[in-house]
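Note sheet for the following structure.
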Amino acid sequence: LEYEAAAGPTKFLVGTEQGSVLLCNRKSKSPSDRIGAIYPGHHGPVYSLQRNPFFLKYFLTIGDWTARIWMEDLKTPIMTTKYHSSYLTDGCWSPTRPGVFFTTKMDGTLDIWDYFYKQNDPTFVLQVCDHGLHTMSVESNGKLIATGATDGSTTLFEICDGLSVPQQNEKQSIIQMFERETRREKNLETRAKELRQKEKRDAGKQTRFDFKDENEEEKLKKVEEEFFAIINAGEEVQSKEVEI
């Protein structure tokens with residue numbers, strides 16, 4: 001569950017066991033409008049969900065083997081991490097750097113992603129313990145991180161200034177990257193919609209052609225029956241004349 005008053009005092013996000021995220025509004029006029037949007041994406045339960053503290057329309061989800069970044073107005077993620085060999089269990093944004101987020105995995109590792117520098121791989125990978133990490137939390141200054149493992153142990157460590165102190169022009173660069181990826185996804189969504197509409201139109205045309213062919217076959221069959229009826233009638237008349 002994710003609630004941030006600045007993003008809307010009546011709006012909140014809910015992660016489901018089916019891998020979808022629901023955007024809900026508790027002040028909707030009708031029950032059917034209480035779920036404003038559904039974001040399907042993960043192949044398993046959503047374990048973590050958080051809005052970016054600097055850009056509230058964008059939020060992070062953790063589930064299956066990936067972390068995904070979404071824009072509230074789109075039904076598909078704008079950015080997705082690579083598929084890991086181990087299941088992801090938790091994650092959150094850095095409270096001090098808009099392009100940094102953290103993820104934990106069942107193999108006991110903590111990944112630190114810094115999208116200001118690279119997007120394909122984590123900037124730093126730390127093997128915290130030999131047991132699976134289950135949860136994590138970051139302090140408000142972004143320096144201290146606490147992780148909890150499946151064996152009940154807790155680990156507290158400090159990260160360097162390079163991963164916790166805001167970089168020059170970082171905020172502007174990150175929002176430009178998010179907006180660029182948002183435009184790309186919108187274009188892909190528009191193109192997919194156009195293709196679906198084209199398929200419907202083509203299917204409708206094919207149905208009309210099939211109906212037309214059926215009508216023509218019925219007409220030909222009727223003409224053929226009338227033709228043979230005339231011939232049979234003529235043969236009967238000839239046979240009667242011969243008898244006379």
Separation between the Asp161 and Thr76 pseudo-spin-labels, each 7 Å from Cα along Cα→Cβ, expressed in nm?
-> 4.3
Under the rule of -39500 (n - 2.57) per DSSP H run of 4 or more residues, summed and divided by the residues of the chain, what mean residue ellipticity at 222 nm is obtained, to the nearest 500 deg cm²/dmol?
-> -11500 deg cm²/dmol
Using a 1.4 Å probe and ignoring any ligands, DNA or RNA, find the accessible area of Arg196 and quote it in Å² to the nearest 10.
-> 130
Computed from these coordinates, which is mean projected area of the Cα convex hull in nm²: (i) 23.4; (ii) 12.6; (iii) 18.9?
-> (i)
Give a residue-ordered list of calculated ³J(HN,Hα) values for region 22-27 (Karplus: 6.51 cos²θ - 1.76 cosθ + 1.60, θ = phi - 60°; whole Hz; x for Gly, Pro).
-> 10, 9, 10, 9, 6, 10
Taking the chain as a Gaussian network, where each spring joins two C-alpha atoms under 10 Å apart, which residue of Asn169, Asn120, Asn232 fluctuates the most?
-> Asn232
Rounded, prolate or oblate: which fits region 47-168 when a ≥ b ≥ c are the square roots of the eigenvalues of the alpha-carbon gyration tensor, with rounded for a/c under 1.5 and prolate only if a/b beats b/c?
-> oblate
Work out the FRET efficiency for Arg34 and Glu217 from their Cβ-Cβ distance, taking R0 = 35 Å, and round it to the nearest 0.05.
-> 0.10
Write out the GluC sites (Glu not before Pro) in region 1-93 meeting two conditions: DSSP loop, and at most 14 other Cβ atoms within 10 Å of their Cβ.
-> Glu17
Length gained, Ala229-Leu144, 0.36 nm per residue minus C-alpha separation, equals 20.9 nm
Quote the accessible area belonging to Met136 in square angstrom, nearest 10, computed with a 1.4 Å probe and with ligands, DNA and RNA left uncounted.
-> 20
Net charge near Phe55: determine it from the other residues with C-beta under 13 Å of the C-beta of Phe55, scoring Lys and Arg +1 and Asp and Glu -1.
-> -2
Round to a whole angstrom and tell me the spacing of the C-alpha centers of region 122-174 and region 42-90.
-> 17
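The values are calculated or read from the model by the stated rules, or taken from the named source; none is laboratory data. The structure displayed is predicted, hence computed values, not measured ones. Ideal geometry is used to build each Cβ from the backbone, glycine not excepted, and the neighbour counts take in all protein chains shown. Note: accessible area is taken over every heavy atom of the protein model, side chains too, but ligands, DNA and RNA are not part of it. Shrake-Rupley method; radii C 1.70, N 1.55, O 1.52, S 1.80 Å.
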